[in-house]
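Just below is one structure, and these are the notes that go with it.
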Amino acid sequence: MRIAIVGTRGIPAKYGGFETFAEEISLRLAGEGFHVSVQCDAGSYDRNNYKGAGLFFSSVAKTEHPLRYYYEGIKWGVENSDLILAASSAGSLFYFLRAFKKTVILTNPDGLEYRRNKWSLPKKIYLKLTEIFAVRCSDYIIADSEEIGKILYKSYPSSGKKIRVIEYGAEINTDHNNVILKEFNLQHNNYYLIVSRIEPENNLHVIIEGFLKSATLSPLVVVGNYIENQYVRSVVEKDCSGRIRFVGGIYDKKILKPLRYSCKAYIHGHSVGGTNPSLLEAMGSGNVIVAHDNRFNREVTAGKQFYFRDAGELSDCIEKIESLGKSDRDLYRDSGLELVRNKYNWSKILEKYLILLKEIRSEKEYLSQDMYC
């Protein structure tokens, strides 16, 4: 079976959660004998293969011409694959391209994309409409958490049979590297960490306000690439008296893994969406977690970490973490590690995709155009 993963900015992952997913699942599916190809930004890599997964390049960058990017990805997938795995429903208006083909389409709508504060009202309306279209025209909808699945079931009850819950995965990380820490002037277990894009729905403004209210002497390290805009300027240019360190985007795992492993606690501000890869990677690193209080984050962490809704609650969480003894700290760390070992690991996620692909393979013998929009 030929599989095309479209809609991400490509691999090797250098941007966000969808790119991390595309890299992890494409390499594993290729290892199982599938012919996997991943759509990439124009000029983003110098080869057409990455560790066994094929790469195909659009003529544009996704951020500059998103509609054209989605169009080219769907068109390439229809012409060159048996199955398209679409990251985001934003390109679903181009699903008509497979009108005379039997290409199967799986869509991961990326949580509740239309609720993200970074979008203008017209874009939110567009994203909601494309979600509706994706549910109608996809063969399967992939919900990345049980809570996202519940929302989709409630919103589209007639399409409930299409919905499958398949989360993201992570690996156990025990990479302690003092050399890397020294390069960032950090000490083991003596800094807080965020790995996130700087966007309103990730609540970095709330986190910074709450962190500055706390009495901790440990710095907050913010790892994340960002595009210059008013929100970014309001966050990055805030007077933090040296307590907040913005180190930019880091995609080299040899650097990022020890930064994750050695932090005192990981702060996760994401408020829209289901299972977030960055949160899973923090859990797999044995981090104490301080997460924005919403049903998605509570599901992923099984309600066993620290949670905040505003700056005051975050400050309180930090004060509690500062007073934790080793045995109590280990309880929080072990909780996250156990979830990654037993639920959110890539082997189990791969197994879920293999089960679905086996189901699709058996169905392809009698697929008809009637099931397409």
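Readers should treat all values here as calculations from the given coordinates under stated rules, not as data from a laboratory. Predicted, not measured: the structure shown is a model, and the values here were computed from it. Don't worry about glycine lacking a Cβ; one is built from the backbone with ideal geometry, like all the others, and counts go over all protein chains shown.
See the values below:
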{"read-out": "Across Lys101/Lys123; Lys118/Lys238; Lys102/Lys343; Lys14/Lys264; Lys14/Lys162; Lys182/Lys304, pairs whose alpha-carbon gap is larger than 27 Å", "value": "Lys101/Lys123; Lys102/Lys343; Lys14/Lys162; Lys182/Lys304"}
{"read-out": "Dipole in debye (nearest 20) - the chain, about Cα centre, beta carbon charges: Lys, Arg +1; Asp, Glu -1", "value": "400"}
{"read-out": "Hydrodynamic radius (Kirkwood) for the chain, which is based on Cα pairs only, to one decimal in Å", "value": "21.4"}
{"read-out": "Stokes-Einstein D in µm²/s, Kirkwood radius over Cα pairs - region 178-342 at 20 °C with 1.002 mPa s viscosity", "value": "136"}
{"read-out": "Computed magnitude of the charge dipole of region 178-342 (debye, nearest 20; Cβ of K, R +1, Cβ of D, E -1)", "value": "440"}
{"read-out": "Filtered GluC sites (Glu not before Pro), region 18-53: DSSP coil and at most 15 other beta carbons within 10 Å", "value": "Glu32"}
{"read-out": "FRET efficiency, 1/(1 + (r/R0)^6) with R0 56 Å, evaluated for Leu354 and His205 via beta carbons", "value": "0.85"}
{"read-out": "Extreme residue, positive dipole direction of the chain, given options Phe96, Gly43, Val288 (C-beta unit charges)", "value": "Phe96"}
{"read-out": "In Hz, Karplus ³J(HN,Hα) per residue of region 190-207 (6.51, -1.76, 1.60; θ = phi - 60°; x = Gly, Pro)", "value": "9, 7, 9, 9, 10, 10, 6, 5, 8, 9, x, 6, 8, 6, 5, 5, 5, 4"}
{"read-out": "Taking the chain and dividing mean pair separation by its residue count, relative contact order in percent (alpha carbons under 8 Å, at least six apart)", "value": "16"}
{"read-out": "Region 120-167, dipole about Cα centre (Lys/Arg Cβ +1, Asp/Glu Cβ -1), debye to the nearest 20", "value": "260"}
{"read-out": "Loop-resident sites, region 1-108, for chymotrypsin sites (Phe, Trp or Tyr not before Pro), counting at most 14 other Cβ within 10 Å (DSSP)", "value": "Phe100"}
{"read-out": "Charge-dipole axis of region 208-366 as Lys and Arg at +1 and Asp and Glu at -1 on Cβ define it, positive-most pick from Leu220, Ser323, Leu339", "value": "Leu339"}
{"read-out": "Mean ellipticity per residue at 222 nm, deg cm²/dmol - from DSSP H runs of n ≥ 4 across the chain, formula -39500 (n - 2.57)", "value": "-12500 deg cm²/dmol"}
{"read-out": "Environment charge of Tyr156, counting only residues whose C-beta is closer than 11 Å and scoring Lys/Arg +1, Asp/Glu -1", "value": "+3"}
